[in-house]
Amino acid sequence: MSREKKTEAKAAPETPFIELVGLRKTYTVGSSPVKALDGADLAVRRGEFVCLAGRSGSGNSTMLNMIAGLEPPTAGEILIEGRHVERMREEQRTRFRRKYVGFVFQSYNNLPQFTALENVALPLAIRGMGRAERTKLAKEALCRVGLGDHLHHKPSQLSGGQQQRVSIARAIVTQPPIVLADEPTGNLDSHIGTEIIELLCSLFRENGTTFIMSSHDPVMASYMDRTVRMSDGRIETEEETL
């Protein structure tokens, strides 16, 4: 009897969820060009947690803005699920952000005249969702971050840690596949900062969210899958978290 040869198929390499190729961003300050990004290449897997580390001016925040489509690069490519963000018109980038991206900011960015519930419901209102449905989803998001008893408090009535939790609830209420955070614990003490990063990681692991955070704090970086160290607009090293 003849024996059939079994060939073992090689797994195809995983296509990056986010891919930056030769990314450059140059600003003009006075009459002098300043390179915020100088040829950065980065690939991020779906569901991966990545920390962009580096001193102020390294290009971390600029890279987050490029991924979000907040501004176009001077040169290079930004691909998300194979779509070229850098080729989109402004209104296309706006629709893209609403669908794909949530933000957590260092300064919280909660509107002072709105309650926690209203702040969290705002992205849903922008999408045109009805009041009853967006209120329901905003309540659920606030409960998930431990603010179920603070729905009707305004930012001035909340601590820094609580305001950041509102910001997190706002980031997750639309269930975006990507969340970008720029120094999310920078205005918090170390104890509250640890609570916030643990909350972020728990929520995003549960949802399979791709999480990219800018932080110079090695403690925050230790919660991530990989740390990408930047300097002068370039990626210097990439290290997997042990």
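Here are some notes:
- Cα-based helix-to-principal-axis angle, 116-126 vs the chain, degrees rounded to 10: 50 degrees
- For the range 65-120, trypsin sites (Lys or Arg not before Pro) are listed when DSSP marks them as loop and at most 11 other Cβ atoms sit within 10 Å of their Cβ; the list is R89.
- Proximal charge balance of A121 [Cβ under 12 Å; K/R count +1, D/E count -1]: +3
- Environment charge at R134 (Cβ cut-off 12 Å; Lys +1, Arg +1, Asp -1, Glu -1): +2
- Packing, as the average of other Cβ atoms within 10 Å across residues, places the peptides 221-232, 103-114, 178-189 in the order 178-189, 221-232, 103-114, highest first.
- For the range 124-179 and the range 39-59, distance of Cα centres in Å: 27 Å
- Environment charge of C201, counting only residues whose C-beta is closer than 13 Å and scoring Lys/Arg +1, Asp/Glu -1: -4
- Lys/Arg +1, Asp/Glu -1 at C-beta; the chain dipole; positive extreme among L20, S159, G186: L20
- Kirkwood Rh, Cα atoms: Rg over Rh of the range 160-233: 0.95
- Count of lysine pairs in the chain with Cα separation under 26 Å (8 or more residues apart, or interchain): 6
- Computed per residue of the chain from DSSP H runs no shorter than four, each worth -39500 (n - 2.57), the mean residue ellipticity at 222 nm is -10000 deg cm²/dmol.
No lab work stands behind these numbers, since they all come straight from the coordinates. Remember, predicted model here, so these are calculated numbers, not experimental data. Using ideal geometry, Cβ is built from the backbone for each residue, glycine included, and neighbour counts are taken over all protein chains shown.
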